[in-house]
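Peer 1: Below you will find the structure I want to go over with you.
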Amino acid sequence: MSLTSFAKTKVSPPLHGAAIPTGKWLFTWRRHSLLLEKRAVCIGLLLLLALMILSVISISVGSAKLTPWLALQAIFGDTSRLIEIMVFKIRLPRVVAVLTAGAAMGLAGCLIQSLVRNRLATPDMIGVNEGATLAITFFTLYITMGSWPWWIAPIGAMFAALILYFLCKNPGEQGYLFVVIGIGVSELMRALGEFLMSTESIVHVSAVYMWTMGNFVGQGYSTSLPVAAILLALCPLVMYFSRQLNVLRLGVDTAQSLGVNVDRVQLAILMLAIMIAALGTAIGGPVVFIAMAAPIIASYLLKDRIVPLWCAAILGALLLLCSDTFVRVLADPHEVATGIMTRILGGVMLLIFLLRDKGRAD
Amino acid sequence: MALLSVNGINFCYESKAVIKDVSITLSAGSLVGIVGPNGGGKSTLIKLLAKQMMPTAGEIVLKQQPLSNYTMKQLAKHIAYLPQHPTIPAGITVEQLVQYGRHPHQSWFRQWSEQDAEQVAKAIQLMNLESILDQSVASLSGGQRQRAWLAMILAQDTDIILLDEPTSALDIGHQIEVLESISEMVSAGKTVVLVIHDLAAAARYCDELIAIGEGKVIASGPVNDVITKSLIDSLYKTDVDIMQAPFDHAPVIVPRRKKSNVVDLKRLG
């Protein structure tokens, strides 16, 4: 073949920008197509694996130690009756409760942080969790008398969010106004809850008080399973809005010009986040730190390419399970509220975050 | 046939009239510049055209349909709008940014198609971004960054493109880079409306100008009808001289000093 004819066979230059977006997997079926972020899928799977390993470890450690192998055997029903009771009646329910609450916190934190575009805007900062706590405290002390009113949590959270909305209709520059007023609402809700508890005798309220510190002792399936079921039912909605949430990263006006009905989408995502955070709170109380840390770590792992909703959920479960297991081992034979552990971690994290921001402000 | 026509719109913000009885028509394939003093209502007008806000009275008609009849998603297939200070998310690459432009054409069950790939590739080619596709948008120079945003808008594949001061924060080199890119878009068949402060650049690149002052259309039409000494004097309340550029005889506007200052300087000298 001569050189000239070779040159003629050369077709138009390849279009740049690759047919498939870089770093994504494209799945097509007829006219339908689905894009998955490779990094998010891989890291998500790794985190899930870590979560499973940690769960087995968490089941095996405690005042009566098991080997992880024994714990696994117990889960698959191949041990003594005593171990079986310990695993199935005490440790597994606690692990399930912790995982559910942690995932809810991570997911809700990621939703609100992304929506407001401020890392400080998490359900525990803006009063949503405290609103849920107040509602549960009130109901358990005066109305349901003992049986755990987890279902009232979303209403309490919604109530706190409404107060926030009326006080601050404009979220301000990067949502700072929203965060600052949210802290005020949060304090108010907490004070009201403490006032309610102070009107009762200490014996009567000690369990509730422990719970308001963030405590997973004795949280059985009766709360965590219905909560987990509702959370799973909300997942398709979160998935639906995740596309728009990613476009909202470009700012409200650009998102709107790209066809996102911004007002409606923001409202829907906020409602979802409030529901999810409240349900997470209903299990083990208002645990701080998880909702802020999980999305930050997830964003870091995904190099900020997308809003890391699912990785944040898995990381939330992972972080809370770590804290809970740690506190259980460390404080043995006493019981220390898991929330105290996360509060310490959260305080350090918040300081790091604010000090970093201070550097930027200078 | 007018592509977009604005029929006597008014817009009030906190009971102050910002846009007063503005009527304009936009024909296909032109580059239209909106000029005028700060606070005169230029940005508000372009936001109204983009349906970022709704006019208090009057009507905007796009392809024989009032703008209010379009959902945001439908409208995003006809009109693309780039705000003056768009937010750049951390960690986002040029390629990802351009792909965002396809959002109005996608849905949950149709996240990437042949057309998406084609339009993104075309936009990247037209805006010359091939060499910086994998760089983070935040790390780019002002001109490159603006070109990346323009590519996103192009990938949206709309007839009309609205740009709010796309060159305002750029030095002259980057300004020319961006204006040339915008001319490319017009040659590619787009109708572009841009808010622009630099009168000389507006005169050189635009086909038509609309001068807005105090919320009203002061003048509109071909560049030479709008750039006249009397009009510019009154629009900006400043005495100017209009000269011709040596290269292409495009009008160059040179403002004079206020008289009082000149007298003061002489006395000092």
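The values are calculated or read from the model by the stated rules, or taken from the named source; none is laboratory data. What you see is a predicted model, and the numbers here were worked out from it, not measured in a lab. So basically every Cβ, Gly included, is an ideal-geometry build from the backbone, and we count neighbours across all protein chains shown. Areas reflect the complete protein model, heavy atoms only, side chains present, ligands, DNA and RNA absent. Shrake-Rupley method; radii C 1.70, N 1.55, O 1.52, S 1.80 Å.
Peer 1: Rolling a 1.4 angstrom probe over the protein heavy atoms, how many square angstrom per residue are accessible across the protein assembly as shown?
Peer 2: 47 Å²
Peer 1: Mean residue ellipticity at 222 nm from the helices of chain B, using -39,500 (n - 2.57) per DSSP H segment of n ≥ 4 over the full residue count, to the nearest 500 deg cm²/dmol?
Peer 2: Result for chain B: -9500 deg cm²/dmol, rounded to the nearest 500.
Peer 1: From the phi angles alone, apply the Karplus equation (6.51, -1.76, 1.60; θ = phi - 60°) to the stretch B:35-46 and give each ³J(HN,Hα) in whole Hz, x where the residue is Gly or Pro.
Peer 2: Taking θ as phi minus 60°, the curve returns 10, x, x, 4, x, x, x, 5, 5, 4, 4, 5 Hz for the stretch B:35-46.
Peer 1: Given the -39500 (n - 2.57) contribution per DSSP H run of 4+ residues, what per-residue ellipticity at 222 nm results for chain A, rounded to the nearest 500 deg cm²/dmol? Spell out each step's value before the answer.
Peer 2: Values: 15 runs with 243 residues, N = 362.
Dividing the helical sum by the residues of chain A leaves -22500 deg cm²/dmol.
Peer 1: From other protein chains only, count the Cβ atoms within 10 Å of every residue's Cβ in A:254-266, then give the mean.
Peer 2: Average neighbour count from other chains, rounded to a whole number: 6.
Peer 1: Further, regarding this structure: Given the stretch B:2-236, what percent of its DSSP beta bridges are antiparallel, to the nearest 5?
Peer 2: Counting only bridges with both partners in the stretch B:2-236, antiparallel ones make up about 60 percent.
Peer 1: Just counting partner chain Cβ atoms within 10 Å, what average do the residues of peptide B:88-101 show around their Cβ? Walk me through the intermediate numbers first.
Peer 2: Values: counts 3, 11, 5, 8, 6, 5, 1, 6, 7, 1, 2, 5, 7, 1.
Per residue, the average neighbour count from other chains is 5.
Peer 1: Same structure, new question: Counting only other chains, what is the mean number of Cβ atoms within 10 angstrom of the Cβ of each residue in peptide B:103-109?
Peer 2: 5
Peer 1: Still on this structure: Over chain B, calculate the relative contact order: mean separation of alpha carbon pairs under 8 Å at least 6 apart, over the residue count, as a percent.
Peer 2: On the way: 476 pairs, mean separation 62.8, N = 269.
Once normalised by length, the contact order is 23 percent.
Peer 1: Could you order B:SER141, A:SER299, A:SER201 so the one with the most accessible surface comes first? Probe is 1.4 Å.
Peer 2: A:SER201, B:SER141, A:SER299
Peer 1: What FRET efficiency, computed as 1/(1 + (r/R0)^6) with R0 = 51 Å and r the Cβ-Cβ distance, is obtained for B:TRP108 and B:LYS258, rounded to the nearest 0.05? Kindly include the intermediate steps, with their values, before the conclusion.
Peer 2: Values: r = 60 Å, r/R0 = 1.18.
In this case the efficiency is close to 0.25.
Peer 1: Can you give the accessible area buried between chains B and A, summed over both chains, with a 1.4 Å probe, in Å² to the nearest 100?
Peer 2: The buried area between B and A, both sides summed, comes to about 3400 Å².
Peer 1: Within chain A, how many Lys pairs that are eight or more residues apart, or on different chains, come under 20 Å at the alpha-carbon?
Peer 2: Pairs that pass both the separation and distance tests number 4.
Peer 1: Quick check on the protein assembly as shown: of the DSSP beta bridges with both residues there, what percent are antiparallel, nearest 5%? Walk me through the intermediate numbers first.
Peer 2: Details: 34 of 52 bridges.
So the antiparallel bridges amount to about 65 percent of the total.
Peer 1: Pairs on different chains or at least eight residues apart, Cα atoms closer than 18 Å: how many lysine pairs in the stretch B:1-101 fit?
Peer 2: Qualifying lysine pairs in the stretch B:1-101: 13.
Peer 1: Please report the net charge: other residues with Cβ closer than 15 Å to the Cβ of A:LYS303, K and R +1, D and E -1.
Peer 2: Net of charged neighbours comes to +1.
Peer 1: Give the whole-number value, in cubic angstrom per residue, of the convex hull volume spanned by the C-alpha atoms of the protein assembly as shown.
Peer 2: 243 Å³
Peer 1: For A:LYS24, which sequence-distant residues (separation of 5 or more, or a different chain) have an amide H within less than 5 Å of its own amide H, given hydrogens modelled in the peptide plane?
Peer 2: A:LYS38
Peer 1: Near B:LYS216, which aspartates and glutamates are there with a Cα under 14 Å away, not counting those fewer than 8 places off in the same chain?
Peer 2: Candidates past the 8-residue exclusion: B:ASP21.
Peer 1: Moving on to the next point. Taking amide hydrogens as modeled 1.01 Å from N in the peptide plane, which residues meet the under 5 Å criterion relative to B:ALA28, leaving out close sequence neighbours?
Peer 2: Counting only residues 5 or more places away or on other chains, the set is B:LEU3.
Peer 1: Taking the Cβ of A:SER33 as the center, what net charge do the other residues with Cβ under 15 Å away carry, scoring Lys and Arg +1 and Asp and Glu -1?
Peer 2: Local net charge: +2.
Peer 1: Report the local net charge at A:ILE59: Lys and Arg +1, Asp and Glu -1, summed over other residues whose C-beta lies under 10 Å from its C-beta.
Peer 2: Neighbour charge sum, excluding A:ILE59 itself: +2.
Peer 1: Under 5 Å between amide H atoms, partner at least 5 residues away or on a different chain: which partners does B:VAL252 have, H built in plane at 1.01 Å?
Peer 2: Here B:MET243, B:GLN244, B:ALA245 satisfy the definition.
Peer 1: Continuing with this model, one more query. Output wanted: per-residue J couplings in Hz (rounded whole) for the stretch A:203-208, from phi through Karplus 6.51 cos²θ - 1.76 cosθ + 1.60, θ = phi - 60°, x for Gly and Pro.
Peer 2: Along the stretch A:203-208, the couplings run 4, 5, 9, 4, 5, 5 Hz.
Peer 1: Roll a 1.4 angstrom probe over the protein heavy atoms and tell me the percent of accessible area of the protein assembly as shown that is carbon or sulfur.
Peer 2: Answer for the protein assembly as shown is 63 percent, counting heavy atoms of protein chains only.
Peer 1: Each residue of the stretch B:73-80 in order: what ³J(HN,Hα) in whole Hz does its phi give by Karplus 6.51 cos²θ - 1.76 cosθ + 1.60, θ = phi - 60°, with x for Gly and Pro?
Peer 2: 5, 4, 4, 5, 8, 10, 10, 10
Peer 1: A further question on this structure: Using +1 on the beta carbon of Lys and Arg, -1 on that of Asp and Glu, and nothing else charged, what's the dipole of the stretch A:40-361 about the Cα centre, debye to 20?
Peer 2: Dipole of the stretch A:40-361, to the nearest 20 debye: 600 debye.
Peer 1: Positive end of the charge dipole of the stretch A:40-361 (Lys, Arg +1 and Asp, Glu -1 on Cβ, about the Cα centre): tell me which of A:LEU82, A:ALA293, A:SER60 has its Cα farthest that way.
Peer 2: The listed residue farthest towards the positive side: A:ALA293.
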